[in-house]
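Worksheet: one structure, shown below.
The values are calculated or read from the model by the stated rules, or taken from the named source; none is laboratory data. Just so you know, these numbers come straight off a predicted model, no measurement behind them. Cβ atoms come from the backbone with ideal geometry, glycine included; neighbour counts cover every protein chain shown. These accessible areas exclude ligands, DNA and RNA; they are computed on the full protein's heavy atoms, side chains included. Shrake-Rupley method; radii C 1.70, N 1.55, O 1.52, S 1.80 Å.
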Amino acid sequence: MTKPAAPKRHLPTSPFKAPVAPPPKHFAVGDQVTHDMYGLGRVIGIEDGIAVLVDFGSTQERILSPYAKMSKL
């Protein structure tokens, strides 16, 4: 089976609550973060709403939005 191209829409007459979209993550220079693949790091640069540059010690990586695998500590 394939995934539908468009997300399902919520009907206003439905007795179920509409799914809530998670708020976008915001990072600031100097924030400590953890990434599922790279581990612990510190934000060293920000491109507004596009990407974050993170120093993980052994490497510097540009993480693109929506930052699914990264969270602030």
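Tabulated data for the structure shown
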quantity: The range 50-73, residues that are over 14 Å from residue 36 (Cβ atoms), of a type in the set (S, T, N, Q) and touching a residue at least 12 places away in the same chain (Cβ under 8 Å); calculated: 59, 60, 65
quantity: Looking only at the range 14-49, and only at residues there that are in contact (Cβ under 8 Å) with a residue 40 or more places away in the chain and open to solvent by 70 Å² or more (accessible area, probe 1.4 Å), the one that is nearest to residue 67 (Cα to Cα); calculated: 25
quantity: Filtered residues of the range 50-73 (kept if over 30 Å from residue 10 (Cα atoms), aliphatic (A, V, I, L, M) and open to solvent by 30 Å² or more (accessible area, probe 1.4 Å)); calculated: 53, 73
quantity: Any strands (runs of 3 or more DSSP E) falling wholly within the chain and containing at least 1 residues that are among the β-branched types (Val, Ile, Thr) and out of contact with any Leu (no Cβ under 6 Å at 6 or more places or on another chain); calculated: 32-35, 39-47, 51-55, 60-64
quantity: Criterion: touching a Lys or Arg at 6+ places or on another chain (Cβ under 8 Å) and modelled with pLDDT under 90 - qualifying residue of 3, 25, 8, 72; calculated: 25
quantity: Checklist (1) closer than 30 Å to residue 10 by Cα; (2) at pLDDT 95 or above applied to residue 41, failing item; calculated: (1)
